[in-house]
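Worksheet: the structure to be examined is printed underneath.
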Amino acid sequence: MVVANKEEPHRQILATQPLPCFHIYGIVTQLICSLHGLTTMALYPPIATTRESQPMQSTPQNVIEHTKRTNCTGLFAIPAWLQIWAQDAEIVDFMAKLEFVVRHIFLNFRVS
């Protein structure tokens, strides 16, 4: 758990719900960025409380809903969802009020 510094004038809350935690994009944003920058990451609430229950699955609609509900200042997303959201003027207006929206970046690693 990250505790906000009371002397810090502005606290970023980043929406990282749509990112799979097993994927490098999810690991970097949800874990490394939060630890390195002491930034709060918004995730889905834990709803899988039994062995039979499943965690919440990301959809374009519930990502926006949870981003609004957690008062996020930024959003990490995949390009396909940005295309879906671009079709809805209300969502575009909401995203325009965020400090930033980041789509994934392909990194090319070369092993010599």
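Observations
- Test: residue 50 is in contact with a Lys or Arg (Cβ under 8 Å, 6 or more places away or on another chain), at negative phi and at pLDDT 80 or above: no
- The residue that is surrounded by the most Cβ atoms within 10 Å (Cβ to Cβ), counting only those in the stretch 46-104 that are under 18 Å from residue 14 (Cβ atoms) and of a type in the set (S, T, N, Q), is 67.
The values are calculated or read from the model by the stated rules, or taken from the named source; none is laboratory data. Please read all numbers here as calculations on a predicted model, not as lab measurements. Here Cβ is always computed from backbone atoms with ideal geometry, including for glycine, and neighbour counts include all displayed protein chains.
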